[in-house]
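Trainee: Take this structure first; my questions come after.
The values are calculated or read from the model by the stated rules, or taken from the named source; none is laboratory data. None of the values given here were measured: they were computed from a predicted structure. Cβ placement follows ideal geometry from the backbone for every residue including glycine, while neighbour counts extend to all protein chains displayed.
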Amino acid sequence: MERRGKTAGKDWLAGLILLGLTTAHGADRPTDGKPGLAAWPLAGDELFSQRIIPRLRIEIPPEGMEVLREYHWRRNEDNLPRKDVRAIVREGEIVYTNVAIHLKGSAGSFRPIDAEKPALTLNFDKFADGQRFHGLQKIHLNNSIQDASYVSEQVCRELFLRAGLPAPRASHAVVELNGRPARLYVLVEGWNKQFLKRHFKNPKGNLYDGGAAKDITYPIEVNSGDYPEDRSRLEALVTAVQETDLEIRFAKVERVLDVDRFLTFAAMEVIMGHWDGYAMNRNNYRIFHDLESDRMIFLPHGMDQMFGVWRSTPTSTITPMMKGVVAKAVVQSPEMRRRYLERMSLLITNVFDAQAITNRAQELSARVQTALAGDFVALANQYQAANWLCERVLARIRSVREQLAEANTPLRFDAAGTAALTGWRTSREAGSPSFGPNRSGQETLLIRANNYAYGSWRTQVLLEEGEYRFTGRLRTQDLQFDDNITRSGATLRLSGDRTPTMLTNAPDWTVFTHDFTITGLADTELVCELRASRGQAWFDAGSLKLIRKLAPAKK
């Protein structure tokens, strides 16, 4: 493998037990007696080491195309099962027959089969027992619609592996579908027992797929496992995280969750700005019941929007308001929050070598560019996106290091129990809201809806246990709504509150309050929000305050 800059002499892929969080020895290759390490070769090595970028010609017969045309993914709907159809896959002179293919992807990446780049899952042995693609039973072809650099998935999966957490490997493929122009895809190793055998001594436990934005409290699907009807361990984890007594909760959680690995998992997601992952969005994850330890282990997925894009920035907080019930339950304990930050410090020191990561991204980028040769628009977009990724990596690592020094300071209140709120930033949740400037001396926070728009100003604070009131003045002008707007109007609320009171007509300055209770120690995001199709809302920045109604009980 080519080496560059300060990475010369380092093995980028050899960090599997860096933190002592070993991923169990591989069962599909001989080991040298050390956990997490094994002798080469491994199925798919030539793909994932980038020695080759395969060119695939996929042929789906008309009857199969008709089946695939019936499938459409829609948010907030019960989507049809993803049906497999038979296809022929050609790689040079090699022909794979009876390959099972179905459409993949969800909110951001799903494309219909007749679109320019539908994302696909290929299972080579489902209809042809024993058939392998470079030794692999199953692969995914991701269209990389949300990552023009094409390298985010591979860089981030390698980082998880260096941190000692199992992650399917990623690379690339050039794909031609039914004679259409060839397109570049991100090729990802499939989730199955073959993957599990490399990382766990016993691969028979259930591997659960969180699906699209479903937490473990939902009836999530089983991807793999010898006991798909036995969900007792998953249910035990749900029960544990719902325990209200923090000391009892922690004891229960430790009995069913691999807490050490989970701290690494959550810290890695936050360091890399994985806003669409489990901890921050209850999305893009798998959870495996490791029968050897009898504990649940979270595994990462969907890493095409990382290091500060869309709903995050390179300077986003390292202690976000967790949305995943397990992440929220774990960091709510002061002791676990301390351990989480300690793990983050260890990771940022030992895994996040900024020069090595950006060199790796540029190395992969150079290989990707050879596959895009001739497509000048895609080349230009890739070059710009790869450079932007490297800039975000550098900024994020710098920000995490700076934030670690001050991460455990709760919000300070005056003698009257009041604290002014500052540090407001904008957030576009949906549609196209616009915002007034928040320059020094600006007294109001403005949100304008020119069309369907959900927009907000947000700030985050660390709060101790107690009862609080979020208060401030707001007013609205010319608000209009349509059927696409849910919970219309303007409000002050807590992030995660799905049923806030909304003001739909407040032409004069109106005092608004939102009361809430904090259990344990909690990173809390406060929101000034407008949801409308037309109109605008102002929030008086100087009036936005937090009042502590009930201080923590002394022990």
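Trainee: Any residue that is among the β-branched types (Val, Ile, Thr) and over 16 Å from VAL527 (Cα atoms) - is there at least one of those in the stretch 418-438? Write out each step before concluding.
Mentor: Applying the first criterion (among the β-branched types (Val, Ile, Thr)) to the stretch 418-438 yields 418, 422, 426.
Add one more test, that the residue is over 16 Å from VAL527 (Cα atoms), and what stays is 418.
Within the stretch 418-438 (the criterion being among the β-branched types (Val, Ile, Thr) and over 16 Å from VAL527 (Cα atoms)), the answer is yes, since at least one residue qualifies.
Trainee: I'd like to check which strands (runs of 3 or more DSSP E) are fully inside the stretch 124-225 and have at least 2 residues that are closer than 27 Å to VAL351 by Cβ and at pLDDT 95 or above.
Mentor: 138-142, 170-177, 183-189, 207-209
Trainee: Taking the stretch 373-392 as the region of interest, how many residues are crowded, with 20+ Cβ neighbours inside 10 Å and under 20 Å from ILE53 (Cβ atoms)?
Mentor: Summing the residues that are crowded, with 20+ Cβ neighbours inside 10 Å and under 20 Å from ILE53 (Cβ atoms) in the stretch 373-392 gives 3.
Trainee: Further question on the same structure: Of the residues GLN403, GLN362, which is within 30 Å of ARG548 (Cα to Cα) and either free of Cβ contacts under 8 Å to residues at least 24 places away in the same chain or assigned to a helix (DSSP H, G or I) (or both)?
Mentor: GLN403
Trainee: Ok, one more. Please work out which residue is surrounded by the most Cβ atoms within 10 Å (Cβ to Cβ), limiting yourself to the stretch 186-226 and to residues that are of a type in the set (Lys, Arg) and over 19 Å from the mean Cα position of the chain (by Cα). First the steps, then the outcome.
Mentor: Going through the stretch 186-226, the residues of a type in the set (Lys, Arg) turn out to be 193, 197-198, 201, 204, 214.
Remaining after also requiring over 19 Å from the mean Cα position of the chain (by Cα): 193, 197-198, 201, 204.
Numbers: LYS193: 19, LYS197: 19, ARG198: 23, LYS201: 15, LYS204: 15.
Going through the qualifying residues, I end up with ARG198.
Trainee: Does at least one position in the stretch 306-314 carry a residue that is closer than 30 Å to SER149 by Cβ, part of a loop (DSSP other than H, G, I, E, B) and of a type in the set (Ser, Thr, Tyr)?
Mentor: Yes - at least one qualifying residue is present in the stretch 306-314.
Trainee: Please find, among ALA170, ALA182, ALA148, the residue that is surrounded by 24 or more Cβ atoms within 10 Å (Cβ to Cβ) and either on the phi < 0 side of the Ramachandran plot or not hydrophobic (A, V, I, L, M, F, W, C) (or both). Spell out how you get there, then give the answer.
Mentor: On the way: ALA182 fails: surrounded by 24 or more Cβ atoms within 10 Å (Cβ to Cβ); ALA148 fails: surrounded by 24 or more Cβ atoms within 10 Å (Cβ to Cβ).
Being surrounded by 24 or more Cβ atoms within 10 Å (Cβ to Cβ) and either on the phi < 0 side of the Ramachandran plot or not hydrophobic (A, V, I, L, M, F, W, C) (or both) holds for just one of ALA170, ALA182, ALA148, which is ALA170.
Trainee: Say we look at the stretch 530-553 and pick out the residues that are within 21 Å of LEU463 (Cα to Cα) and of a type in the set (D, E, K, R); which of these is modelled with the lowest pLDDT?
Mentor: LYS549
Trainee: Contact list please: Cβ distance under 8 Å, first residue in the stretch 489-502 and assigned to a strand (DSSP E or B), second residue basic (Lys, Arg), pairs at least six apart or on different chains.
Mentor: GLY489/ARG531; ALA490/ARG531
Trainee: Could I ask something else about it? Could you please give the count of residues in the stretch 334-360 that are buried (at least 20 other Cβ atoms within 10 Å of the Cβ) and either over 16 Å from MET272 (Cα atoms) or small (Gly, Ala, Ser) (or both)?
Mentor: Number of matching residues: 3.
Trainee: OK, next. For the stretch 489-511, which positions are modelled with pLDDT under 95 and under 22 Å from ALA213 (Cβ atoms)?
Mentor: Correct list: LEU494, SER495, GLY496, ASP497, ARG498, THR499, PRO500.
Trainee: Continuing with this model, one more query. ARG233 is checked against (1) assigned to a loop (DSSP other than H, G, I, E, B); (2) over 20 Å from the mean Cα position of the chain (by Cα) and fails just one. What number does that condition carry?
Mentor: With respect to (1) assigned to a loop (DSSP other than H, G, I, E, B); (2) over 20 Å from the mean Cα position of the chain (by Cα), ARG233 is out only on (1).
Trainee: Does the stretch 315-327 contain at least one residue that is outside the structural domain of TRP457 (by TED's automatic domain parsing) and under 8 Å from the mean Cα position of the chain (by Cα)?
Mentor: So far as the stretch 315-327 goes, no, none of its residues is outside the structural domain of TRP457 (by TED's automatic domain parsing) and under 8 Å from the mean Cα position of the chain (by Cα).
Trainee: So if I check each of GLU63, GLU70, which one is farther than 29 Å from ASN284 by Cβ, exposed (fewer than 12 other Cβ atoms within 10 Å of the Cβ) and at pLDDT 90 or above?
Mentor: GLU63
Trainee: Surrounded by 19 or more Cβ atoms within 10 Å (Cβ to Cβ) and in contact (Cβ under 8 Å) with a residue 40 or more places away in the chain: does that describe PRO433?
Mentor: Taking the combined requirement at face value, the residue satisfies it.
Trainee: Within the stretch 84-92, is there a residue that is at pLDDT below 95, among the charged types (D, E, K, R) and within 31 Å of the chain's Cα centre (by Cα)?
Mentor: Within the stretch 84-92, none of the residues are at pLDDT below 95, among the charged types (D, E, K, R) and within 31 Å of the chain's Cα centre (by Cα).
Trainee: Here's something else I'd like to know. Condition first: modelled with pLDDT of 90 or more and closer than 25 Å to ILE318 by Cα. Now tell me which residues in the stretch 446-461 satisfy that.
Mentor: Within the stretch 446-461, GLY455, SER456, TRP457, ARG458, THR459, GLN460, VAL461 meet the criteria.
Trainee: Can I ask one more? Among the residues of the stretch 518-541, what is the count of those that are farther than 27 Å from ALA430 by Cβ and either outside the structural domain of ARG473 (by TED's automatic domain parsing) or touching a Lys or Arg at 6+ places or on another chain (Cβ under 9 Å) (or both)?
Mentor: Adding up the residues that qualify gives 2.
Trainee: Continuing with this model, one more query. Against the condition in a helix (DSSP H, G or I), of a type in the set (Val, Ile, Thr) and exposed (fewer than 15 other Cβ atoms within 10 Å of the Cβ), how does THR370 come out, does it pass?
Mentor: Numbers: in a helix (DSSP H, G or I): yes; of a type in the set (Val, Ile, Thr): yes; exposed (fewer than 15 other Cβ atoms within 10 Å of the Cβ): yes.
Yes: the conditions hold for THR370.
Trainee: Kindly evaluate ARG439 against the criterion of being more than 30 Å from the chain's Cα centre (by Cα), over 24 Å from ASP414 (Cα atoms), in a loop (DSSP other than H, G, I, E, B) and at pLDDT below 85. Talk me through it step by step, then tell me what you get.
Mentor: Numbers: more than 30 Å from the chain's Cα centre (by Cα): yes; over 24 Å from ASP414 (Cα atoms): yes; in a loop (DSSP other than H, G, I, E, B): yes; at pLDDT below 85: yes.
Answer is yes for this residue.
Trainee: I need a count of the residues in the stretch 464-488 that are more than 15 Å from THR418 (Cα to Cα) and in contact (Cβ under 8 Å) with a residue 40 or more places away in the chain. Outline the logic, then answer.
Mentor: We begin by selecting, within the stretch 464-488, every residue more than 15 Å from THR418 (Cα to Cα); these are 465, 473-488.
Imposing the further condition that a residue be in contact (Cβ under 8 Å) with a residue 40 or more places away in the chain reduces the set to 465, 473-482, 484-488.
The qualifying residues number 16.
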